[in-house]
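Below you'll find the structure, written out as structure tokens, and then a few comments.
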Amino acid sequence: MISFNDFNKSNYSSFETKFDIWKKEADLFINFSNINNESEEDEKYLKNSLNLIQDEINWIENNKNKIEDVLFEENILELAENIASSGYLLKCADEECYLLDDGSKIDFPITEDDLLDSLYIESVSFNFNGKNIDSIELILLCSPDYFNGQPFLISLNKNKNIQFHGLEDN
């Protein structure tokens, strides 16, 4: 559960903190628009939005499978194999395997479970328009790093529609 005291003012967003999601620590950014940049007003908006933010975090935590389904609709397994196979080909027993840039050794074919187990959220950004959440952006990474450091950008609108925006350049 996040609290007001967990947050710090930020140069890149209105507020930021760290929190646990999908069994890992991630960055949380809160971006308010239409605010006068007065510290007391910003803090008031954050205090009044904490329950809403926590509800959305809980939704993301409890709906990981919906986010993963969107990724698989975009053929990320095939993309993972294409990028990972550009790594150094190792001489393994009977299987095709590669050494990735992060030092991980992976066997081919990459299974759906392997890829799902590797996914984690690096950061979550809440973008407010006034007192309402306009959108939520998730940056996802993998460990092992099947995508050579390129994160996925996923967004959720206020109706919980999930959109995959592809790999981002590092």
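Annotations for the structure displayed:
- Against the main long axis of the alpha-carbon atoms of the chain, helix 64-73 sits at an angle near 50°.
- Restricted to Cα atoms, the stretch 72-157 shows a radius of gyration and a Dmax of 16.0, 59 angstrom.
- Cβ-to-Cβ counts within 10 Å put CYS142, CYS92, CYS97 in ascending order as CYS92, CYS97, CYS142, the fewest first.
- Alpha-carbon Rg/Rh ratio, for the chain, with Rh computed the Kirkwood way: 1.06
Readers should treat all values here as calculations from the given coordinates under stated rules, not as data from a laboratory. Just so it is clear, the model here is predicted, and its values are computed rather than measured. For neighbour counting, all protein chains shown are included, and Cβ atoms are generated from backbone atoms with ideal geometry for every residue, glycine included.
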